[in-house]
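The values are calculated or read from the model by the stated rules, or taken from the named source; none is laboratory data. Given the structure is predicted, the values throughout are model-derived calculations rather than measurements. Here the Cβ is made from the backbone with ideal geometry for all residues, glycine too, and neighbour counts use every protein chain on show. Heavy atoms of the whole protein, side chains included, go into the accessibility calculation; ligands, DNA and RNA do not. Shrake-Rupley method; radii C 1.70, N 1.55, O 1.52, S 1.80 Å.
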Amino acid sequence: MMDAVAPASDARPDLAAIAADASGERAVGRPSVYVYEAPVRICHWVNAFSIIVLMVTGYLIGTPLPTVAGEASDNFVMGYIRFAHFAAGQVLAVFFLTRILWAFVGNHHSRQIFYIPFHRKQFWKEVLHEIRWYAFLEREPKMHVGHNPLAQTAMFTGFTLFVAFMIVTGFALYSEGQGIDSWQHKLFGWVFAIWPNSQDVHTWHHLGMWALVVFVMVHIYTAIREDIMSRQSIISSMISGERQFRD
Amino acid sequence: MGAATETFYSVIRRQGITRRCFHKFCSLTATSLGLGPLAASRIANALETKPRVPVIWMHGLECTCCSESFIRSAHPLVKDAVLSMISLDYDDTIMAAAGHQAEAILEETRAKHKGQYILAVEGNPPLNEGGMFCIDGGKPFVEKLKMMAEDAMAIIAWGACASWGCVQAAKPNPTQATPIDKVITNKPIIKVPGCPPIAEVMTGVVTFITTFGKLPELDRQGRPKMFYSQRIHDKCYRRPHFDAGQFVEEWDDEAARKGYCLYKMGCKGPTTYNACSTVRWNGGVSFPIQSGHGCIGCSEDGFWDKGSFYDRLTNIKQFGIEKNADQIGMVAAGAVGAAVAVHAAVTAVKRLATKREDADHNS
Amino acid sequence: MAGTRRRASALPPPAAARCLAGAGAAARDHGIIAGKWPHSLAFQPGGTTRAIDLGERIRLLSITTAFRGFLERIVFADSLENVLAIATADELDGWRDGRGGDFAHFLRLADSLALTGLGRGTGPMMSYGAYHGVDGELFPRGLFSQRAIVEPLPLTQITEDVSHAWMRDSFADPAHSSTVPDPDKPAAYSWCKAPRLSGQPIEVGAIARQTVAGQALITDLVARDGTNVRSRVIARLIETARIALAMEQWTRALRLSEPFCDKSRELPDGSYVGLVEAARGSLGHWMAVRDGKIERYQIIAPTTWNFSPRDSFDVGGPLEQALVGTDVGDAGPRAVAIQHIVRSFDPCMACTAH
Ligand code: HEM
Ligand code: HEM
Ligand code: SF4
Ligand code: SF4
């Protein structure tokens, strides 16, 4: 299991050979690996786009724009904002589901963001290593084909859990407008058993947005930073799917 | 007493109400409950043959606004009928009997109509200090409630107090005021929340239970679906202004005169299930939003503990200081943004240093 | 007495239902102005959230007219103007004879039950003043003193005494006092505090308001027999007639284009006193604001004045004094006479822990 070897300080190691992801899978001796399959990439960018739209429109639902003048029938500002939110919400839900389904058929990396291997000591060791790397305590980063273990942990909580939470609470809120006989209410009405007053659901949904904002900020920062710092491509991998190892 | 064995029909006939009038009432009732024309004859049949249902109406910690609302039900026919339809054997606020004479009625009803009477509860019992914050007839109210619930057919929890706890249960709830369904767990309970509930909703619920001898269909939270399945916002007449993005920003501004949406004034219509925007109040003349004031969500759980009635975003108290989601979120995002910036700066410096080191090393 | 049972049995109808219909009409008025009753939301510091428009004024007028019709047909069986023209007790007796309606019926009943002799009160009465308009108050502020004249109200002389209440000792001044229960206090027998004005118990309510306002009939009744079960009920009915008329005038006088909310009314830090006449009598709120939040709040409600227990000088409140000497016959504490007296004060006893 233990394949990730710390690079020896004196000799130049066979980088590609030791590059391993968090599950310890050895990347075969190629300078470039196909990590992110097309569906993963499509889902990523569709979801990223939806989330940005959802954040902007969601914020405006909570704090609407200044009043518009004229007849009510000539304007539909709030209506469009909410429509955009709900449309983006449905898109996100569909592509999130697709992404989950792909985890069953796709390659090993496509499964990473849906679990944390809690039981594996090695995994946590590497998480620690990554933390030390980000805290400037390690000089050399390790190489990983998929997510590094810290990223996997962050992805799982920051993306998988939060987005799932947003979708569940979002659809519960949506069901309020659709009526208690709607399928949305049948599927997600249980949320109101937890928070009988939907004002609380609004509040949590709103807080969830800010959690995602924080996640996205860190996500983009680390993506760019790793791209520069860690001797493996990040940004372009998400576009082309190939991960290059640069040294 | 003893009147409980009469039928509703015989009572109103004795009062000189005509048969035609009676049928009119039945179809009116059917309509107000959202039932079809067939139901009218079922209601008529039930009222002609069934004995009147005895009702015990008790008051815990409350302000009596539910009673006030109930006795002002708009349609005179409905009100007369409801009051004749049930045999209101005990209601310590409006009954003529007082003292021991009144308390004796409770025992009598319990013995004579075991399992047949309806227990209508306004207000709730406080549980702290053995219930001593609400002493009724020399006993803690909670004991009286449990005693009368024991043999009741069903329980109506009137108002926000009995359903959710209302103001006396607001944090920190020093008396531990507790909603009825947390105290009585073995009886069917129908919640009719609101502070107070709308009179027509109250009479509608009573009519349904007395005519059909069972509770109407309830939603997940135990409220009658026919009155509580839609939000104020779904049927609000100011909704076009909401969709258009036209809001009142301040009391008495131009927008307020024009009747714009009260969302920015903290209207809780989007999160409140009640019939105000359809049934309306005081004989259907108006409802809070029509009077230019946002809905405060009085029929919702814990509506006293969600910050100001005039803020759109709920205050969150869990974080020590009172802040709303945006304030908390912006602080968090700002902090993380700053951390990212610092981290990036340190990274850049380190990288430069490493490069120079590498360069030194290589040369 | 024939018809009494039918009229007066609380529930079921028809008497109660008819009366509730009248009250319901009044509530509709309130509904239009304030959106909902009970627990109206439209009232804001400095005004209301409700701008009345032309159509609503017409609806308001039709409701007030309907309410007047209810009073004139069912309650008084005469026009409100005629009723308010009755100036003395003798004229009232003359008016009553041969008249239908609930009021005349009550007057006959009161005579046959000798309600004038029941629940006598001779102490001072007060009114904080009600319905402030541009030309002053409809019901002015004042104290009807022991000397049977109306004097200015010494507002700073309001105190609270807890010597016989299950309440912990605190300041006498309501602007500083607190309301903390002390259920084991030995000398106590009530949850109600004993409010005093210049050390005296005060009767409040419709009869106090109308006496202070100098309403002719009520002044005459009080001059003859003090306050009692009969005159308290009469005062409430006369007051209802006055208010019904005033409501019509107010509705006509509404200036629809003027601002309806004075937004400059902020509450800077400090102490505040709010005094109004509520239906049951004088209601006072004492409040302190700090950092934009309510720091303390103290209420003296009307029933607290009327139902006050004894104070530290062993002087009882208006109700206690009115009960003294009541002939209870064999029924003892169950005597109907006691209920007549207690209810004549129109009490609100739902909590009475002020
Ligand atoms: C990343 C995902 C999402 C973000 C950041 C987000 C953000 C927000 C925010 C900030 C609000 C305003 C909350 C308030 O204070 O009332 C909101 C409201 C809402 N969101 Fe989302 N949301 C997301 C996903 C979804 C999804 C998937 C749905 C489902 C269709 C959804 C449905 C709604 C609904 C129905 C409302 C209430 C709209 C209203 O009250 O008019 N949201 N969202
Ligand atoms: C500079 C731009 C970005 C780069 C280079 C980038 C890169 C990546 C990479 C490499 C992953 C790992 C995918 C996986 O293992 O499944 C990922 C996942 C993810 N990113 Fe980004 N990302 C970028 C911008 C964004 C933005 C703007 C958002 C959202 C607003 C976002 C949201 C996500 C989400 C939700 C995931 C998990 C999605 C999935 O795996 O399907 N990303 N990103
Ligand atoms: S539910 Fe709220 S409202 Fe009804 S009696 Fe209670 S305080 Fe009044
Ligand atoms: S006033 Fe309130 S209920 Fe009506 S549309 Fe606006 S937010 Fe919704």
How large is the accessible surface of residue A:220 in square angstrom, using a 1.4 angstrom probe and rounding to the nearest 10? 90 Å²
How big is the accessible area of residue B:153 in square angstrom, nearest 10, if you roll a 1.4 angstrom probe over the protein chains? 50 Å²
With charges set only on the Cβ (+1 for Lys and Arg, -1 for Asp and Glu), what does the dipole of region B:6-138 come to about its Cα centre, in debye to the nearest 20? 1080 debye
Measure out, as a whole number of angstrom, how far apart the alpha-carbon centroids of region C:315-354 and region A:115-192 sit. 69 Å
Mind checking which helices in chain C clear 20 Å along their axis (Cα) and have mean Kyte-Doolittle hydropathy of -1.0 or more, DSSP H runs only? C:15-34, C:54-70, C:229-253
Count the net charge of all other residues whose Cβ sits under 15 Å from the Cβ of residue B:219, scoring Lys and Arg as +1 and Asp and Glu as -1. -1
If you count only protein heavy atoms with a 1.4 Å probe, what accessible area per residue comes out for region B:233-312, rounded to a whole Å²? 29 Å²
Going toward the positive end of the dipole of region B:51-228, with +1 on Lys and Arg Cβ and -1 on Asp and Glu Cβ, which of B:190, B:131, B:152 do you reach last? B:190
Can you tell me the length gained on complete extension of the stretch residue C:131 to residue C:84, counting 0.36 nm per residue apart and subtracting the Cα distance? 15.1 nm
Might you tell me the accessible area per residue for chain C, computed with a 1.4 Å probe and given in Å²? 47 Å²
Working out 0.36 nm times the residue gap between residue B:116 and residue B:50, then minus their Cα-Cα distance, what length gain in nm do you get to one decimal? 22.6 nm
Roughly how crowded by other chains is peptide B:87-98, in terms of the mean Cβ count from those chains within 10 Å of each of its Cβ atoms? 2
On the accessible surface of region B:51-228, probed at 1.4 Å, how many percent belong to carbon and sulfur atoms? 55 percent
Protein heavy-atom accessible area occluded, B/C pair - total, 1.4 Å probe, Å²: 3400 Å²
Sorted by accessible surface (1.4 Å probe, heavy atoms of the protein chains only), largest first, C:297, B:90 come out as C:297, B:90
Within region C:114-149, trypsin sites (Lys or Arg not before Pro) in DSSP loop having at most 13 other beta-carbon neighbours inside 10 Å: C:147
Only Lys, Arg (+1) and Asp, Glu (-1) charged, at Cβ; the protein assembly as shown dipole about Cα centre in debye: 2220 debye
Leaving out ligands, DNA and RNA, what percent of the accessible area of region C:43-170 is carbon and sulfur, probe 1.4 Å? 57 percent
Chains B and A together, accessible area buried on both sides, 1.4 angstrom probe, square angstrom: 4200 Å²
Could you please put B:347, C:88 in sequence from largest to smallest accessible area, using a 1.4 Å probe? C:88, B:347
Just to verify a number: what accessible area does residue B:278 come out at with the full protein assembly present, 1.4 Å probe, Å² rounded to tens? 80 Å²
HN-Hα J in Hz across region B:297-303 - Karplus 6.51, -1.76, 1.60, θ = phi - 60°, x for Gly and Pro: x, 5, 9, 9, 4, x, 5
Minimum 50 Å² accessible area buried by the other protein chains, region B:265-281 residues, probe 1.4 Å, relative to alone: B:271, B:273
What average count of beta carbons from other chains do you get within 10 Å of the Cβ of residues in C:48-59? 3
Which residue, chosen from C:77, C:129, A:97, occupies the Cα position most advanced towards the positive end of the dipole of the protein assembly as shown, where the dipole is computed from +1 (Lys, Arg) and -1 (Asp, Glu) charges on Cβ about the Cα centre? A:97
Filter the GluC sites (Glu not before Pro) in region C:193-277 to those in DSSP coil with at most 16 other Cβ atoms within 10 Å of their Cβ, and list the result. C:266
As I understand it, the value is the acute angle between the Cα axis of helix B:76-85 and the longest principal axis of the Cα atoms of chain B; what does it come to in degrees, rounded to 10? 70 degrees
Give the residue list of chymotrypsin sites (Phe, Trp or Tyr not before Pro) in region C:111-194 that are DSSP loop and have at most 14 other beta-carbon atoms within 10 angstrom. C:171, C:189
Per the charge dipole of chain B (beta-carbon charges, Lys/Arg positive, Asp/Glu negative, Cα centre), the residue among B:16, B:175, B:284 reaching farthest to the positive end is B:16
Would you mind checking which residues have amide H under 5 Å from residue B:316's amide H? H placed 1.01 Å from N; only 5 or more apart, or other chain. B:323, B:324
A drop of at least 50 square angstrom in accessible area, chain alone versus all protein chains together, probe 1.4 Å. Which residues of region B:236-255 meet that? B:243, B:244, B:246, B:251, B:252
Taking the 0 to 90 degree range and rounding to the nearest ten, how far is the long axis of helix B:37-49 tilted relative to the main principal axis of chain B, both from C-alpha atoms? 50 degrees
Just to be sure I understand: with springs between alpha-carbon atoms less than 10 Å apart, which residue in B:275, B:339, B:46 has the highest mean-square fluctuation in the Gaussian network model of chain B? B:339
Cα centroid separation - region B:223-240 against region A:63-105, whole Å: 22 Å
Considering chain C as a Gaussian network with a 10 Å cut-off on Cα pairs, which listed residue, C:254, C:283, C:92, attains the greatest mean-square fluctuation? C:254
Cys with no candidate disulfide partner in chain B (beta-carbon separation under 4.7 Å rule): B:21, B:26, B:63, B:65, B:66, B:134, B:236, B:261, B:267, B:276, B:295
Between the helical axis of B:19-32 and the dominant principal axis of chain B, each derived from Cα atoms, what acute angle in degrees is found, rounded to the nearest 10? 10 degrees
Please list, in chain and number order, the residues 5+ apart from residue C:296 or on another chain whose amide H is under 5 Å from its amide H, with Hs placed from the backbone. C:288
Starting from the Cα of residue C:62, step 7 Å along the direction of its Cβ; do the same at residue A:165; then give the gap between the two resulting points in nm. 5.5 nm
Output the pairs from B:187/B:268; B:187/B:214; B:171/C:293; B:146/B:191; B:191/B:214 with a Cα-Cα distance over 20 Å in this structure; if there are none, say none. B:187/B:268
Mean other chain Cβ within 10 Å across A:190-202 is 6
Backbone HN-Hα couplings from phi across region C:306-311 [Karplus 6.51/-1.76/1.60, Hz, Gly and Pro as x]: 5, 9, 3, x, 5, 9
How would you rank B:13-19, B:264-270, highest first, on the average number of other Cβ atoms within 10 Å across their residues? B:264-270, B:13-19
Considering amide H positions built from the backbone, and no H for Pro or chain starts, which residues 5 or more places from residue B:223, or on another chain, come under 5 Å of its amide H? B:191
Pick out which of B:285, B:192, B:121 has the largest mean-square fluctuation in a Gaussian network model of chain B, springs linking Cα atoms closer than 10 Å. B:285
3J(HN,Hα) from dihedral phi, region C:281-289, Karplus parametrisation 6.51/-1.76/1.60, rounded to Hz, x for glycine, proline: x, 6, 10, x, 10, 10, 9, 10, 10
